[in-house]
Amino acid sequence: MRVIAKSAIKKFWEQPAYRDAQGPLESWYEEAIKANWSSPQDIKDQYRNASICSNNRVVFNIGGNKYRLVVEMQYRAGIAWIKFVGTHAQYDLINVETVNDY
């Protein structure tokens, strides 16, 4: 998959309060760029705890569910577009279907 944009997750983990997110987010990124997800089921097969939402959004639990990553999937184009990364509490304040922080 082509992940747009790594800079979004890097910007997040560079914040002092979220430095512990770097390892888990880098691991997710490395797995995502090697993946060939052509359907929501492909993601569920790899990430059982991922939540498939409407508007082609997928929520990944990062760092033992301490963080959440919202990605818009464009399966045909092979693109995973990062829309949000934040703590579980920050995630509770957004609308997964419309968030577009990056």
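Structure summary
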read-out	value
Hits in the stretch 39-51 - residues which are of a type in the set (D, E, K, R) and either open to solvent by less than 60 Å² (accessible area, probe 1.4 Å) or in a helix (DSSP H, G or I) (or both)	Asp42, Lys44, Asp45
Subset of the stretch 21-51 (residues that are closer than 19 Å to Val96 by Cα and of a type in the set (Ser, Thr, Tyr))	Ser39, Tyr47, Ser51
Failed criterion for Asp92 (all others in (1) touching a strand residue (DSSP E or B) at 6+ places or on another chain (Cβ under 6 Å); (2) open to solvent by 80 Å² or more (accessible area, probe 1.4 Å); (3) free of Cβ contacts under 8 Å to residues at least 60 places away in the same chain hold)	(1)
Every pair of residues 6+ apart whose Cβ atoms lie under 9 Å, when the first sits in the stretch 8-29 and is open to solvent by less than 10 Å² (accessible area, probe 1.4 Å) while the second is in a loop (DSSP other than H, G, I, E, B) and not aromatic (Phe, Trp, Tyr)	Ala8/Asp101; Ala21/Gln15; Ala21/Gly63; Ala21/Lys66; Leu25/Gly63
The one condition in (1) farther than 20 Å from Gly86 by Cα; (2) at pLDDT below 95 that Asp42 fails to fulfil	(2)
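Each row is one residue, and each column tells you yes or no for (1) open to solvent by less than 50 Å² (accessible area, probe 1.4 Å); (2) within 12 Å of the chain's Cα centre (by Cα).
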| position | (1), (2) |
| --- | --- |
| Glu31 | no, yes |
| Trp37 | yes, no |
| Gln74 | no, no |
| Ile82 | yes, yes |
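The values are calculated or read from the model by the stated rules, or taken from the named source; none is laboratory data. Computed from a predicted model, the values in this text were never measured in an experiment. Positions of Cβ are backbone-derived with ideal geometry, glycine not excepted, and every protein chain shown enters the neighbour counts. Ligands, DNA and RNA are excluded from the accessible area calculation, which covers all protein heavy atoms including side chains. Shrake-Rupley method; radii C 1.70, N 1.55, O 1.52, S 1.80 Å.
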